[in-house]
1. Would you please name the residue that is least open to solvent (accessible area, probe 1.4 Å), looking only at residues in segment 43-82 that are over 30 Å from Lys19 (Cβ atoms) and either in contact with a Lys or Arg (Cβ under 9 Å, 6 or more places away or on another chain) or of a type in the set (Val, Ile, Thr) (or both)?
2. In this structure, does Ala117 turn out to be within 21 Å of the chain's Cα centre (by Cα) and at pLDDT 95 or above?
3. Just to be sure before I move on: is Ala95 closer than 22 Å to Glu24 by Cβ, open to solvent by less than 60 Å² (accessible area, probe 1.4 Å) and in contact with a helix residue (DSSP H, G or I) (Cβ under 9 Å, 6 or more places away or on another chain) in the structure I sent?
4. Within the group Gly26, Gly63, Gly105, which residue is in contact (Cβ under 8 Å) with a residue 24 or more places away in the chain, outside any loop (DSSP other than H, G, I, E, B) and either within 30 Å of Ala13 (Cβ to Cβ) or over 20 Å from the mean Cα position of the chain (by Cα) (or both)?
5. Filter segment 33-42 for residues that are open to solvent by 50 Å² or more (accessible area, probe 1.4 Å) and either more than 24 Å from Ala67 (Cα to Cα) or touching a residue at least 24 places away in the same chain (Cβ under 8 Å) (or both) and give the result.
Amino acid sequence: LDVKHLLQEADVAQQWNTKKYLVELGAAMLVYAVLLVASNVLERRLQPDGVLLVALNLMPILGVLAAAWAIVRAFFRMDELQRRIQFEALVLAFAGTAVITFSWGFVEDMGVPHLRAFMVWPIMAMLWIAGLAIATWRYHR
């Protein structure tokens, strides 16, 4: 077996998978941005209420669903080590987000500002990035 050749092939495959992921995620974020602007413009022009208002406000979620699809597809294209690193990062993000949001919920009764649901994803994303850095360091030192 030519191990060096196999490693080079794996590296090329990983680079190709990363490019596919970035294209898919970029397209999803473009859809999200276009739908966000469109929903805001339509809401201002039409001034709807009821079901139409809800539908317009949820329109950008189609882009979010496309982004989630791109992330899941990227995960299933990863090798075992990359999956393990992602898993460990997500465990840290999940547990850390739970601790932060539950703690915040308890101190809201003391008068701290309400934590909007929109803040949960940025908290989880920052902890995911921190988890990726830690797990990557652990496996590549």
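The values are calculated or read from the model by the stated rules, or taken from the named source; none is laboratory data. The structure displayed is predicted, hence computed values, not measured ones. Positions of Cβ are backbone-derived with ideal geometry, glycine not excepted, and every protein chain shown enters the neighbour counts. Ligands, DNA and RNA are excluded from the accessible area calculation, which covers all protein heavy atoms including side chains. Shrake-Rupley method; radii C 1.70, N 1.55, O 1.52, S 1.80 Å.
1. Val54
2. Considered against the rule, which asks whether it is within 21 Å of the chain's Cα centre (by Cα) and at pLDDT 95 or above, Ala117 comes out as no.
3. On the way: closer than 22 Å to Glu24 by Cβ: no; open to solvent by less than 60 Å² (accessible area, probe 1.4 Å): yes; in contact with a helix residue (DSSP H, G or I) (Cβ under 9 Å, 6 or more places away or on another chain): yes.
In short, no.
4. Details: Gly26 fails: in contact (Cβ under 8 Å) with a residue 24 or more places away in the chain; Gly105 fails: in contact (Cβ under 8 Å) with a residue 24 or more places away in the chain.
Matching residue, one of Gly26, Gly63, Gly105: Gly63.
5. Across segment 33-42, the qualifying residues are Val34, Leu36.
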